[in-house]
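Step one of this worksheet: look at the structure below.
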Amino acid sequence: MQIIDLSDLPTSINTTYYGGDGIISGQLTTIHALHCDTAKGFLYLYGTSIGNGNTIFLDLADPLNPTYAGEYVYPGSSSDNYVHDGIVENDTMYESHIYPGFFTVVDVRNKSNPVLLATQQTPTNFTHNTWLSDDHKTLFTTDENSGSFLGAYDISDLGNIRELSRSQTAPGSGAIIHNTHILNDYAITSWYKEGVVITDVDRPENPIEVGHYDTYPQGSGDGFNGCWGVYPFLPSGNIVASDIDNGLFVFTPTYVRGCYLEGIITDSVTNATINGALIEVLATTLTKNSNALGEYKTGTVVSGTYDVRVSKAGYYSKTITGVNLANGVLTTLDVALSPFQTFAFSGTVLDSLTGQVVPNATVIISSSLGLSYKSTADVSGAFTFSSVVPDDYTIYAGKWGYRTSCVMQTLIPGTPIVATIAPGYYDDFTFDYGWAISGTSGNSWERGEPVGTYYGSSSESNPEFDVTTDCSDSCFVTDNGGAPYNATDVDNGNTILTSPVFDGTIYLNPTLSYYRRYLCVNGTGSPNDTMRISINNGSTTVRVETVGPNDPTNGNWIQHTVLLSSLITVTSTMSMIVEVEDQSPGNIVEGALDKFEITGQLINSVPNTIGSESINAYPNPFSNNITINYTLANYSNSIKLIVRDILGKTILEKSGLAGKGNVQIGAELPSGIYMIELTDGINRMTQKVVKQ
């Protein structure tokens, strides 16, 4: 630790060094940060070479010759001990534990026996620095990682620390915050590539950005270039900022209070508060969502008269005109939204080839207003939604063993719909068909819309988008937790995704197709991890492909197709296995899977079965002859086969058939769509077939 004596300025300076005294004599070789409590005459050293980064207390009775007064070690694991930064006010120390991502509050009145008072995680779990509000009731924090926040915590009751807010500059850019200081209830903060930002935190639950100067015009977003530090406490009132790339900046700030807009959103019928309502200040970029209590808090630095729009799925939007916003003034705007009128809606799911109902299929309808409803068809293929808003909807229908369908349709009260799905195996992860997840890594496979993360300046780690040629935005990704990228990838083991069992024998020459994405980039060692995709037929497992860290497709969505019979004996009990592994030393490892399907000509469609009765037609579609295989054990009379065209006209009949057997027809039929019926005069079963 270097000590510079400035008392002889401007004539000269004197420099001395401190490496420890007493029980730490000669042990102090490195320090990350220090804070001087001039009111009490003590110096606090953080991230030292003593122990596992112990905090050291020095008595400054003689500033040129400090003496050891004590130290503090967090009573957790050794990896939690390291403190990156801290401040002390009124013998209370606020420490930033960067790697586990929390701050501690410690009573340091007795330097030989400091007492832990409280701990608190911070927004993105990488706590870099803390600073107190002027009244010491709020603690502000920074997390030094991608997409981080300026956090605010009510610490007036250390037994019940509450997060008040989290704010960003350039939201969505991945910008990284570094240090913040509080002066007169303004947060003056360094944001790497975004420069110096001044935030009005007079209302800490509603922070408003009121000043911004970009010291790094070379770029923006994620990355550790740009503004490194900022200091606002000079007697002149000037702000000094250090930019890693562009040097020293000196600013004369004009501090301006924000215009505060706050209120509660409620249901006009029930008076219940509405969670997730969108509040937009029109003609600006300001948007905010109400919380679980219906509350919203937002604002701007530019005073004036604005129109404010409030909207929520299931409610009529409302625009309030002429809302006056003034600097330093709280404007309260409570809004009651009127709910839509709804109706009951029903439909049926049918097999597109046989025309028969598909029991237990899943149906999701999603509207242009952002509304979404889910239902499951009963044994007769019927589904019902009890309360639906009239609108244009995308109707998704699917079941394992069928191909997912998604069609746009306007839902009209009193008009049921028919959703048709074709036999076959397909999964774009619109629905949850029960893919099994196993493995040793805590960061495992997850199904959902992917949340993009980024390493470096703009390179995707976890993808932001799935494959765009399927029905929905969902796929499987490894640990879909969002930023930071290095905390939500596969770590310390493997994660395995296994498909439900599928029957490959219903196809002629079945082909496996899927889209996969694999990323492996340097972490603490050379990339050495892999994605392994295999196929199992119930008794044997073979490798489909192995994607290594040096694969040229690294970080891209890639479609892979392979003829199953070229790999393995095709059976009725097949499954696909996708494994992503992080070996030692750890690297950044991500995997993703989308649009799984088995393609090929169906030779035995998914059976049309009622009890012990079934009818199958193959091949379907056909070009010459088609074989009708049927079992009609519960039919009492001789069986008649009837073939009708698309208009219902009878084209062919065969009588006197037994209750079980095969019938071959087709050569006498022209190309077209036909409905085949088997009946004993009382009961009947049907199947739709196509001649090419």
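The values are calculated or read from the model by the stated rules, or taken from the named source; none is laboratory data. What you see is a predicted model, and the numbers here were worked out from it, not measured in a lab. Cβ atoms come from the backbone with ideal geometry, glycine included; neighbour counts cover every protein chain shown.
Scanning the range 570-583 for residues that are more than 29 Å from Thr440 (Cα to Cα), at pLDDT 80 or above and in contact with a strand residue (DSSP E or B) (Cβ under 8 Å, 6 or more places away or on another chain) turns up at least one hit. The single condition among (1) touching a residue at least 40 places away in the same chain (Cβ under 8 Å); (2) within 19 Å of Ser513 (Cα to Cα) that Thr530 does not meet is (2).
With the requirement that a residue be part of a loop (DSSP other than H, G, I, E, B) and surrounded by 24 or more Cβ atoms within 10 Å (Cβ to Cβ), what does the range 176-192 give you? Matches in the range 176-192: Ile176, Ile177. Can you tell me which residue within the range 5-38, out of those that are aliphatic (A, V, I, L, M) and closer than 27 Å to Tyr82 by Cβ, is surrounded by the fewest Cβ atoms within 10 Å (Cβ to Cβ)? The qualifying residue surrounded by the fewest Cβ atoms within 10 Å (Cβ to Cβ) is Ile23. Among residues of the range 243-260 that are buried (at least 16 other Cβ atoms within 10 Å of the Cβ), those with a beta-carbon under 7 Å from a residue that is basic (Lys, Arg) at least six positions away or on a different chain give the pairs Tyr260/Arg203.
Of the residues making up the range 196-207, one or more are in contact (Cβ under 8 Å) with a residue 40 or more places away in the chain and basic (Lys, Arg).
Scanning the range 651-671 for residues that are closer than 16 Å to Ile615 by Cα, of a type in the set (A, V, I, L, M) and in a loop (DSSP other than H, G, I, E, B) returns a single hit, Ala658. Applying the set (1) touching a Ser or Thr at 6+ places or on another chain (Cβ under 9 Å); (2) closer than 30 Å to Asp134 by Cα; (3) part of a loop (DSSP other than H, G, I, E, B) to Val210 leaves exactly one unmet item: (3).
Considering only residues of the range 154-168 that are in contact with a Lys or Arg (Cβ under 7 Å, 6 or more places away or on another chain) and part of a loop (DSSP other than H, G, I, E, B), which is surrounded by the most Cβ atoms within 10 Å (Cβ to Cβ)? Among residues in the range 154-168 that are in contact with a Lys or Arg (Cβ under 7 Å, 6 or more places away or on another chain) and part of a loop (DSSP other than H, G, I, E, B), the one surrounded by the most Cβ atoms within 10 Å (Cβ to Cβ) is Ile155. Pairs linking a residue in the range 434-458 that is assigned to a strand (DSSP E or B) and at pLDDT 90 or above to a residue that is of a type in the set (Asp, Glu) and surrounded by fewer than 18 Cβ atoms within 10 Å (Cβ to Cβ), with Cβ atoms under 7 Å and 6 or more positions apart or on different chains, are Arg447/Asp432.
Of everything in the range 532-556 that is at pLDDT 95 or above and not polar (S, T, N, Q), the residue that is surrounded by the most Cβ atoms within 10 Å (Cβ to Cβ) is Ile533.
Just one of the listed residues (Ser513, Ser572) is touching a residue at least 24 places away in the same chain (Cβ under 8 Å) and part of a loop (DSSP other than H, G, I, E, B), and it is Ser572. Count of the range 285-301 residues, restricted to those that are in contact (Cβ under 8 Å) with a residue 12 or more places away in the chain and loosely packed, with under 13 Cβ neighbours inside 10 Å, is 2. One residue stands out in the range 274-284 among those that are part of a loop (DSSP other than H, G, I, E, B) and in contact with a Lys or Arg (Cβ under 8 Å, 6 or more places away or on another chain): the one that is surrounded by the most Cβ atoms within 10 Å (Cβ to Cβ), namely Ala277.
For Asn271, the conditions (1) closer than 28 Å to Gly195 by Cβ; (2) part of a loop (DSSP other than H, G, I, E, B); (3) modelled with pLDDT of 95 or more; (4) not charged (D, E, K, R) all hold with the exception of (1). Screening the range 1-65 for strands (runs of 3 or more DSSP E) wholly inside it with 1 or more residues that are closer than 30 Å to Pro100 by Cα returns the ranges 2-5, 33-37, 42-46, 55-59. Looking at Leu337, Leu371, which is the one that is more than 30 Å from Val210 (Cα to Cα), surrounded by 15 or more Cβ atoms within 10 Å (Cβ to Cβ), modelled with pLDDT under 95 and not basic (Lys, Arg)? Answer to the selection: Leu371. For the range 141-153, indicate whether the set of residues that are buried (at least 19 other Cβ atoms within 10 Å of the Cβ), in a strand (DSSP E or B) and among the charged types (D, E, K, R) is non-empty. Yes: one or more hits. Among the criteria (1) modelled with pLDDT of 95 or more; (2) out of contact with any His (no Cβ under 8 Å at 6 or more places or on another chain), the one Ser77 does not fulfil is (1).
Against the numbered list (1) within 29 Å of Val521 (Cα to Cα); (2) at pLDDT 90 or above, Ala397 comes up short only at (1). If the condition is being at pLDDT 95 or above and under 30 Å from Gly482 (Cβ atoms), then the range 405-433 contributes Tyr426, Asp427, Asp428, Phe429, Thr430, Phe431, Asp432, Tyr433. Each residue in the range 67-76 was checked for being within 16 Å of Ser112 (Cα to Cα) and assigned to a loop (DSSP other than H, G, I, E, B), and 3 of them qualify. If only residues of the range 407-429 that are in a loop (DSSP other than H, G, I, E, B) and of a type outside the set (D, E, K, R) are counted, the one that is farthest from Asp473 (Cα to Cα) is Gly414. The set of residues in the range 528-569 that are in a loop (DSSP other than H, G, I, E, B) and among the β-branched types (Val, Ile, Thr) comprises Thr530, Thr540, Thr553, Ile568, Thr569. The requirement of being at pLDDT 95 or above, crowded, with 19+ Cβ neighbours inside 10 Å and more than 31 Å from the chain's Cα centre (by Cα) is fulfilled nowhere in the range 218-227; no residue meets it.
Restricting Ile365, Ile395, Ile412 to those that are of a type in the set (A, V, I, L, M), touching a Leu at 6+ places or on another chain (Cβ under 8 Å) and more than 28 Å from Ser575 (Cβ to Cβ) reduces the list to Ile365. Within the range 199-212, is even one residue on the phi < 0 side of the Ramachandran plot, buried (at least 17 other Cβ atoms within 10 Å of the Cβ) and among the hydroxyl-bearing types (Ser, Thr, Tyr)? Checking the range 199-212: at least one residue is on the phi < 0 side of the Ramachandran plot, buried (at least 17 other Cβ atoms within 10 Å of the Cβ) and among the hydroxyl-bearing types (Ser, Thr, Tyr). Within the range 496-521, can you find the residues that are over 26 Å from Pro450 (Cβ atoms) and either among the hydrophobic types (A, V, I, L, M, F, W, C) or out of contact with any Ser or Thr (no Cβ under 6 Å at 6 or more places or on another chain) (or both)? Selection gives Val501, Gly504, Ile506, Tyr507, Leu508, Asn509, Pro510.
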